[in-house]
1. Please list the non-local residues whose amide H lies under 5 Å from the amide H of Thr229, H modeled 1.01 Å from N, same-chain partners needing a gap of 5 or more.
2. In the stretch 36-177, what is the volume of the convex hull around the alpha carbon atoms, normalised per residue and reported in Å³?
3. Name the aspartates and glutamates eligible as straight-distance cross-link partners of Lys42: C-alpha to C-alpha under 14 Å, and not fewer than 8 places from it in the same chain.
4. Highest mean first, how do 101-108, 292-299, 220-227, 324-331 rank when packing is the count of other Cβ atoms within 10 Å averaged over residues?
5. Within the stretch 85-104, find all residues whose amide N lies under 16 Å from a label point positioned 7 Å from the Cα of Ala333 along Cα-to-beta-carbon.
6. Is the C-alpha gyration tensor of the stretch 176-312 telling us rounded, prolate or oblate? Criteria: a/c under 1.5 is rounded; beyond that, a/b larger than b/c is prolate, otherwise oblate.
7. In nm, what is the difference between 0.36 nm times the number of residues separating Phe190 and Thr43 and their Cα-Cα distance?
8. Among Ile276, Ile129, Ile196, determine the one that fluctuates most according to a GNM of the chain built with springs between C-alpha atoms less than 10 Å apart.
Amino acid sequence: MRVGIVGATGAVGRELVDVLGRRAFPVTSLRLFASARSAGTKTKTPFGDVTIEEFSDAAVRDLDLALLAVSGDFAKAHAPKMVEAGVTVVDNSSAFRLQDDVPLVVPEVNAAAAGTARLIANPNCTTAILVVALEPLRKAFGLKRVIVSTYQAASGAGAEGMAELERESRRVLVEGVKPAAEVFRWPLAFNVIPQIDSFQPNGYTREEMKVVWESRKIMGVPDLPISCTAVRIPTMRVHAEAVTIETERPVTPEAAREVLRNAPGVKLVDDPENGIYPMPINATGQDDVEAGRIRANPVFGNCGLDFFLCGDQLLKGAALNAVQIAEGLTIQARKAA
């Protein structure tokens with residue numbers, strides 16, 4: 001396939017290049033698009049050296065597949081034109097996720113939803129990490145309600161967010177000064193910020209509501225009660241999530257472990273007595289979402305369960321999921337041929 005990555009110089013864009021190579025995606029030609037200031041520079045890829053091009057609608061018209069790692073406004077302005085030109089688009093932004101006619105896909109959960117669509121939305125990173133563990137539990141035990149608190153890494157704010165965390169942490173430790181903030185609303189170094197994105201009229205942030213709206217759409221349960229609290233923490237690239245669920249049918253920790261042990265995209269990491277549980281330091285660079293700290297929740301009697309997740313925000317939360325969607329599309333194309 002003739003593949004293009006738009007936003008290729010950002011954190012997700014760079015990860016997309018690596019994932020395509022690592023998973024041996026059938027790339028016949030790879031083109032990388034970014035802003036004018038990056039155009040003309042060469043970068044090494046698993047497919048050889050590639051010169052970065054300045055993006056234009058005309059430049060991408062002959063692609064088979066475009067992977068977008070751009071802002072929602074940029075995606076809204078340009079993705080429909082790509083589709084009209086015959087390009088299949090997988091978009092990482094929030095621009096199209098909640099449109100009824102655009103599939104929102106996590107392949108382990110709802111791969112068939114992509115169908116023959118030419119525009120597919122990649123979910124919010126926190127949502128993708130959550131639903132790969134939540135959906136197998138829903139199938140096994142049913143779901144009445146979900147409460148989740150997220151501990152989200154600096155990478156959620158892009159390469160600039162990671163750079164700011166590293167720079168300001170170094171300044172605190174080396175220079176002994178107070179950390180500053182440009183990318184984040186408040187300093188993130190040695191701090192946690194209980195706000196990601198803008199506050200909504202209901203008191204939740206938009207990031208928190210994305211988890212609600214998108215999880216419902218992906219799992220096909222439009223009325224599922226979900227409450228989320230999203231917190232930015234000073235880690236680099238792995239999001240962690242503390243999840244409480246009330247199930248429709250009785251659930252035990254042992255039964256839940258067995259379900260998650262066999263769930264695609266999930267790695268069971270659950271031996272607390274020996275200090276084995278999901279942690280960002282171990283989940284960094286891993287494709288699977290780690291699940292552990294599985295225990296009965298006494299608030300909901302024999303239908304309550306608590307567990308803890310860690311997933312790489314740049315992989316399952318972004319680049320890996322997008323490439324998995326593209327892989328599914330190639331399989332569909334082969335079948336159709």
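1. Val148, Ser149, Thr150
2. Spelled out: Cα convex hull of the stretch 36-177, divided by residues, is 195 Å³.
3. Qualifying aspartates and glutamates at Cα under 14 Å: Glu53, Glu54.
4. By packing density, highest mean first, the sequence is 101-108, 324-331, 292-299, 220-227.
5. Backbone N within reach: 85-91.
6. The shape class here is oblate.
7. 49.5 nm
8. Ile276
The values are calculated or read from the model by the stated rules, or taken from the named source; none is laboratory data. All values reported here derive from a predicted model rather than from experimental measurement. When we count neighbours, we look across all protein chains shown, and the Cβ atoms used for this are built from the backbone with ideal geometry, even at glycine. These area figures cover heavy atoms from the full protein model, side chains too; ligands, DNA and RNA do not enter into them. Shrake-Rupley method; radii C 1.70, N 1.55, O 1.52, S 1.80 Å.
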